[in-house]
1. How many of the residues making up segment 61-95 are modelled with pLDDT of 95 or more, of a type in the set (A, V, I, L, M, F, W, C) and more than 17 Å from the chain's Cα centre (by Cα)?
2. Can you tell me how many residues within segment 26-59 are modelled with pLDDT under 95, under 21 Å from Leu104 (Cβ atoms) and either exposed (fewer than 10 other Cβ atoms within 10 Å of the Cβ) or of a type in the set (A, V, I, L, M) (or both)?
3. Working carefully through the options Ile77, Ile35, find the one that is more than 30 Å from Lys1 (Cβ to Cβ) and of a type in the set (Val, Ile, Thr).
4. Quick check on segment 12-25. Is at least one of its residues in contact (Cβ under 8 Å) with a residue 60 or more places away in the chain and either under 15 Å from the mean Cα position of the chain (by Cα) or surrounded by 10 or more Cβ atoms within 10 Å (Cβ to Cβ) (or both)?
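The values are calculated or read from the model by the stated rules, or taken from the named source; none is laboratory data. Only a predicted model underlies this, so the values are computations on that prediction, with no experimental measurement involved. Neighbour counts are summed over all protein chains in view; Cβ atoms, including those assigned to glycine, are modelled from backbone coordinates with ideal geometry.
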Amino acid sequence: KPKYFVVEGLPYNIVSNYRLHYTEVQVAVGIAYRIRLFVPYIYATYLSCHLDPNPLLVSVRFPDADEVGDLPTKSVILQESWGMALGLTLVDKAKATLAVEWRLFNQNAIDWNLEVRF
């Protein structure tokens, strides 16, 4: 349940009963092949997410004033559902693992993970 909106750098306090409902479904399928210490991989992803406000009209208190006004809101749906990722993992069974992954199209991100065992 959000407490305020920020519009053009100003906080608008929510004074009505307003909630956001978030739904997400993720599916991925991929392939990897180990070549000694290297494990390159690629996978395709499907991501569906929705952010639904309830109610669609929210009452807010304007900053610097005691006035209350109504703001219309709408559902937010992810535009690009399909994506992919490319990655490479370096594996040393006894000591460490280093993984680097690049996600693109629906989740623009670069991720790295280092695991050290002792």
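1. 3
2. So the answer is 1.
3. Of Ile77, Ile35, the one residue that is more than 30 Å from Lys1 (Cβ to Cβ) and of a type in the set (Val, Ile, Thr) is Ile35.
4. No, because not a single residue in segment 12-25 is in contact (Cβ under 8 Å) with a residue 60 or more places away in the chain and either under 15 Å from the mean Cα position of the chain (by Cα) or surrounded by 10 or more Cβ atoms within 10 Å (Cβ to Cβ) (or both).
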